[in-house]
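Beneath this line is the structure, given in structure tokens, with notes to follow.
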Amino acid sequence: MATRQCDFTALILLSAADQPGVEDSLRAVLEPFTLEIREVQKIALRGRLILGFLIACDPAHVLAIEEDINAFSLASGIDVAIDFSEENEK
């Protein structure tokens, strides 16, 4: 019998004025957590930056990750959206 493994991920999207250090700042917020950064994508257009992080994380850490990212957003003025998802793998 095949077993299914759950893969819990979060998509973190940032939008800000294009300035140095935005990606490093988000990485610093995520550093205390046990997680895997699966993909990072950046778009810089006309002085704006859109940054996307796809991470795999422990579902037990969702609230703490969300609280830290929201605090980062408020302190920095960077717009952030987070979407958590659980996908089943075969």
TODO: Could you identify the single residue in ALA2, ALA64 that is of a type in the set (A, V, I, L, M) and modelled with pLDDT under 95?
DONE: ALA2
- [ ] From the list LEU74, LEU63, LEU49, pick out the single residue that is in contact with a strand residue (DSSP E or B) (Cβ under 8 Å, 6 or more places away or on another chain) and outside any loop (DSSP other than H, G, I, E, B).
- [x] LEU49
- [ ] Quick one: VAL29 ticks every box in (1) modelled with pLDDT of 95 or more; (2) over 20 Å from ILE78 (Cα atoms); (3) surrounded by 17 or more Cβ atoms within 10 Å (Cβ to Cβ) except a single one, so which number is it?
- [x] (2)
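Being of a type in the set (D, E, K, R) and over 15 Å from the mean Cα position of the chain (by Cα) is the filter here; which residues of the range 35-90 pass it?
ARG46, ARG48, GLU87, GLU89, LYS90
The values are calculated or read from the model by the stated rules, or taken from the named source; none is laboratory data. All of these numbers come straight from a predicted model, not from anything done at the bench. Counting neighbours? That spans all protein chains shown, and the Cβs are built from the backbone with ideal geometry, glycine included.
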